[in-house]
1. Report the full-extension gain for the segment E33 to R63: residue separation times 0.36 nm, less the Cα-Cα distance, to one decimal in nm.
2. Counting heavy atoms of the protein chains only and a 1.4 Å probe, report the per residue accessible area for the chain as a whole number of Å².
3. Probe radius 1.4 Å, ligands and nucleic acids ignored: give me the carbon and sulfur share of the accessible area of the range 1-79 as a rounded percent.
4. Order these peptides, 61-69, 36-44, by their mean beta-carbon neighbour count within 10 angstrom, highest first.
5. Can you give the alpha-carbon Rg of the chain over 2.2 N^0.38 Å, where N counts its residues?
6. Quickly work out the R84-to-W3 label distance, labels modelled 7 Å from Cα along the C-beta direction, and quote it in nm with one decimal.
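The values are calculated or read from the model by the stated rules, or taken from the named source; none is laboratory data. No experiment lies behind these values; they were computed from the predicted model shown. All Cβ positions, even for glycine, are placed from backbone atoms using ideal geometry, and neighbour counts span all protein chains on display. To get the accessible areas, we keep the full protein, side chains included, count just its heavy atoms, and leave off ligands, DNA and RNA. Shrake-Rupley method; radii C 1.70, N 1.55, O 1.52, S 1.80 Å.
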Amino acid sequence: DWWVQFWNTASAGHGTCGKALETRQRVIVEDVESSPVFVGTQALEIQRRAGVRAVQSTPLVGRSGKLLGVLSTHFKVPHRPDERTLQ
């Protein structure tokens, strides 16, 4: 609950979901410990506490161009998903 609560109250642009919403492009962080998206932020501490080391966030855009949401996948070890996995 604490993890979801943090992300539900995080402002736009924070973390990979916020960046994906902001840019409308997929964001991949291979290691939260060294990514500018997380270093020096409260979000890094949240990811550490949850055991998250890597994450990808993909914006979901409807046919009309309307932003519908973001799909994220979290990993317990540093990781970069390959293209097949991302598809």
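1. On the way: separation 30, 0.36 × 30 = 10.80 nm, distance 3.57 nm.
Extra length from E33 to R63 when fully extended: 7.2 nm.
2. Value returned for the chain: 67 Å² of accessible area per residue.
3. 52
4. In descending order of packing, they fall as 36-44, 61-69.
5. My calculation over the Cα atoms of the chain gives 1.06.
6. 2.7
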